[in-house]
Amino acid sequence: MRTKASQRGLSSIGWLLVIMVVAFFGLCAAKLVPVYAENYYIVNGLQALADEGDELKRMSKGEITRKLNSYFSINNVRSEGARQLEFVQSSKGIIIVNKYETRVPLIYNIDVVLSFHNVLDSSRPDECCTAPETLEDQ
């Protein structure tokens, strides 16, 4: 009697597992990518302010907030994180800190907490939107 030398391919259970893994990562991407996209636009808004150069040092907090809100409105940024701006006056200029957390419901009672920390220092506008460790010392 002859038997088949070897069989190839996945069984139906193997395919089901592959589909479940792909669906899980697709769900994660669908829930998390929009949050990262909004933070991308927040960073771009801060970089647009950094492009103002020395004019940024002379702007008031209200003018900065108005410019950022206008940029966020144009780019459809709706998250509350975009509104959480903190202004720190230093001897060299103004530091704009945007630090926030977002909670995204993933599956049933499992949430993902994303934390963002964007910093714009008017004395170093070319280093926009990175959170230096030395900020805590100022």
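Against the longest alpha carbon principal axis of the chain, how many degrees, from 0 to 90 and to the nearest 10, is the axis of helix 61-74 turned?
30
What does the extension gain come out to for S6 and K31, with contour length at 0.36 nm per residue minus their alpha carbon separation?
Extending this stretch completely gives an extra 4.8 nm.
Projecting each Cα onto the charge dipole of the chain (Lys/Arg +1, Asp/Glu -1 at the beta carbon, about the Cα centre), which of V35, N69, A50 comes out farthest on the positive side?
V35
State to the nearest 20 debye the size of the charge dipole of the chain about its Cα centre, where the only charges are +1 on K and R beta carbons and -1 on D and E beta carbons.
1000
Of the labelled options [x] 51, 28, 22; [y] 91, 27, 26; [z] 113, 44, 21, which one gives Cα extents along the principal axes in Å as computed for this structure?
Working out Cα extents along the principal axes in Å from the coordinates points to [y].
Of D54, D126, which has the most accessible area and how do the rest follow, probe 1.4 Å?
So the residues, ranked largest to smallest area, are D126, D54.
With each pseudo-label sitting 7 Å past Cα toward Cβ, what's the H117-K92 distance in nm, one decimal?
1.8
So if we plug the beta-carbon distance of E63 and I110 into 1/(1 + (r/R0)^6) with R0 = 35 Å, what FRET efficiency do we get, rounded to 0.05?
0.25
Give the angle, between 0 and 90 degrees and rounded to the nearest 10, that separates the Cα long axis of helix 12-50 from the longest principal axis of the Cα atoms of the chain.
Roughly 10 degrees between the two axes.
In the Gaussian network model of the chain, springs joining C-alpha atoms below 10 Å, which of V97, V43, V21 carries the largest mean-square fluctuation?
Among V97, V43, V21, the largest GNM mean-square fluctuation belongs to V21.
The values are calculated or read from the model by the stated rules, or taken from the named source; none is laboratory data. Here the structure is a predicted model, which is why all the values come from computation and not from measurement. With ideal geometry, Cβ positions are generated from the backbone for all residues, glycine too; neighbour counts draw on all protein chains shown. Each accessible area value is taken on the protein alone, full model and side chains, heavy atoms only, with ligands, DNA and RNA left out. Shrake-Rupley method; radii C 1.70, N 1.55, O 1.52, S 1.80 Å.
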